[in-house]
Structure formats: structure tokens, C-alpha cells
Amino acid sequence: MKAVYFSHDEDARNDPKVMKLRAKYGMEGYGCYFAMLEMFSSESGNGHSLDYSQEQFDAITYDLRSSLDVKEFIDKCIEVGLFQTDGERFWSESFNRRFDEVAQKARERSEKAQKAVNARWAKRKAASESEKPKNEPEDMFSIDGLDPDWVRFVQTYEQNIGLIPHGGSKSGQLLEDYYNELGADVMCKAVEETNLAHPDNPERFILAILKKWAELGVKTLEQAHAATLEHDRRAENWKKRQDGNVGSEPPAIRGKFW
């Protein structure tokens with residue numbers, strides 16, 4: 001599942017409004033403030049706002065396990081201008097503005113990436129058409145000059161990992177090369193394995209998987225599944241050896257990366 005991000009200034013703790021909060025509640029108040037921004041981020045269907053009610057305050061208290069009086073804390077945030085309220089709900093105008101800016105930039109990056117994908121595949125289709133015999137029928141499975149299998153992989157990647165690296169980047173070129181070598185089914189399987197692992201760096205993780213599979217000559221889903229099982233077996237055996245301090249076989253997996 002893709003993570004949702006919002007900006008956090010490196011000197012946020014020195015913002016005059018935040019300093020007023022810290023003066024009263026210390027770093028516990030600072031942590032609770034940013035925890036509540038995280039709560040706002042998950043309330044996209046409600047304009048990133050929360051109910052201004054005792055029931056909501058009790059739920060926040062339980063969630064944060066904080067010793068603070070949550071209603072008093074929220075009222076202080078409203079007083080210093082960090083939060084706003086209409087009496088029924090409360091929110092952060094600053095957070096909403098920053099969240100919208102990040103979302104807009106993400107949409108623009110996605111549109112540019114898709115245009116780049118379209119341009120690359122239109123160019124490849126044009127080159128392929130020039131080499132095709134004149135009487136060869138048009139490919140009925142092609143859509144707007146795009147390889148449907150590549151589109152399927154891009155959609156799978158972006159739905160599970162995030163924006164796919166553009167073709168001009170090193171990672172983007174590697175993904176294209178592995179796609180040409182391994183095919184869409186195996187590439188989508190690598191996305192699945194990456195999504196299951198929840199690594200700190202999904203882009204690095206999936207490239208490591210694809211590199212290993214290319215070295216093993218994986219070409220089918222069955223081979224990819226077998227390679228995954230063998231990897232997990234070696235990783236488990238290494239863990240057992242480490243727990244028992246036996247042997248010095250290099251690990252099949254290092255940290256959270258393949």
C-alpha cells in the first residue's frame with residue numbers, strides 16, 4: 001500500500017506558534033501535535049478535519065496514550081493558531097495548504113511520467129511499424145501506440161509502490177531493460193514481492209529482486225515463485241545459523257533488502 005506523505009519543515013520546532021505549544025507542554029506536546037497532523041492526513045473524505053467532540057477527544061487520548069488533557073491541548077492549538085475550528089470540527093489550514101501542494105506536485109509528476117511513457121512507446125511502435133511488412137495486419141491489441149503489457153506493469157507498480165521512475169533516470173532505464181528481458185508477468189510478480197516485504201526503499205528493493213532473477217534466468221511466473229521460495233529458505237537457514245552462532249555462510253538477504 002502506498003504511503004501518504006506531508007511536508008515537515010526542518011526547523012518546525014522553532015516556529016513561533018509551535019514554541020508556544022512547547023513552552024506549555026514540552027516535547028510531548030510537540031509529538032502529539034504532529035501525531036494529530038497524521039490523523040488529519042487520513043481524513044481526506046472530511047477535508048482533513050476531525051470532530052470537535054468529547055467522543056473524538058477520548059479516541060485521540062486512547063490512540064496517543066498521552067498524559068495530556070486532549071481537549072485542553074487542542075484548544076491551545078486553536079488559541080495559538082495551529083488549528084482552526086467552526087465549533088463542530090477542527091483542522092489545520094497550514095496542513096491543508098501544504099498537503100494540497102504536495103498532492104498537486106505528485107499529480108504533475110505522474111502526468112509527466114505518463115507522457116514520457118507514451119512518447120517512448122509511440123516511438124518504439126513507429127520504429128516497429130517501419131520494419132513490418134506492408135501487408136501485415138495492424139496489431140489490434142495495441143492501444144494508442146502503447147504496449148498493453150508495459151501499461152499493465154506501470155499501473156501495477158504505481159498502485160502498489162508509487163510513481164514509476166522516469167525513463168531518463170538510471171532506475172527507469174533499468175526497469176525498462178528488465179521488462180524487455182523478463183516480461184510483464186515476472187515484473188508484476190516482483191512488484192507483489194516488494195509490496196509484501198514493506199521495505200524502507202521499495203525502488204532499490206525491486207531492482208535487487210529483478211537483478212537476481214535476471215541472473216538466475218527467470219522467465220516465467222513459476223520460475224519466479226521457485227526463486228522466491230529458495231530465497232526464503234536460504235534466508236531462514238541463515239537466520240537459524242545466526243541464532244545458533246553456527247557457520248559463516250553469507251546471508252541470502254541483508255536487512256530489509258532482497
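The values are calculated or read from the model by the stated rules, or taken from the named source; none is laboratory data. Keep in mind that this is a model prediction, so the values were computed, not measured. Glycine also receives a Cβ, built like all others from the backbone with ideal geometry; neighbour counts cover every protein chain displayed.
The table for this structure:
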| item | result |
| --- | --- |
| Inter-residue pairs, beta-carbon under 6 Å, first in contact (Cβ under 8 Å) with a residue 40 or more places away in the chain and in the stretch 46-74, second surrounded by fewer than 18 Cβ atoms within 10 Å (Cβ to Cβ) and in a helix (DSSP H, G or I), 6+ apart | H48/N96; L50/Q56 |
| Enumeration of residues in the stretch 57-94 that are among the acidic types (D, E), assigned to a helix (DSSP H, G or I), closer than 21 Å to G26 by Cβ and more than 29 Å from the chain's Cα centre (by Cα) | E72, D75, E79 |
| Residue count for the stretch 61-83, restricted to those that are buried (at least 17 other Cβ atoms within 10 Å of the Cβ) and in contact with a Phe, Trp or Tyr (Cβ under 9 Å, 6 or more places away or on another chain) | 9 |
| Within the stretch 42-56, considering residues that are outside any helix (DSSP H, G or I) and modelled with pLDDT of 90 or more, the one farthest from the chain's Cα centre (by Cα) | S53 |
| Some residue of the stretch 228-237 being touching a residue at least 24 places away in the same chain (Cβ under 8 Å) and of a type in the set (A, V, I, L, M) | no |
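Conditions tested, residue by residue: (1) more than 23 Å from R109 (Cβ to Cβ); (2) at pLDDT below 85; (3) exposed (fewer than 13 other Cβ atoms within 10 Å of the Cβ); (4) of a type in the set (D, E).
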| site | (1), (2), (3), (4) |
| --- | --- |
| N135 | yes, yes, yes, no |
| S142 | yes, yes, no, no |
| I161 | no, no, no, no |
| E176 | no, no, no, yes |
| M187 | no, no, no, no |
| T194 | no, no, no, no |
| L210 | no, no, no, no |
| E222 | yes, no, yes, yes |
| A226 | yes, no, no, no |
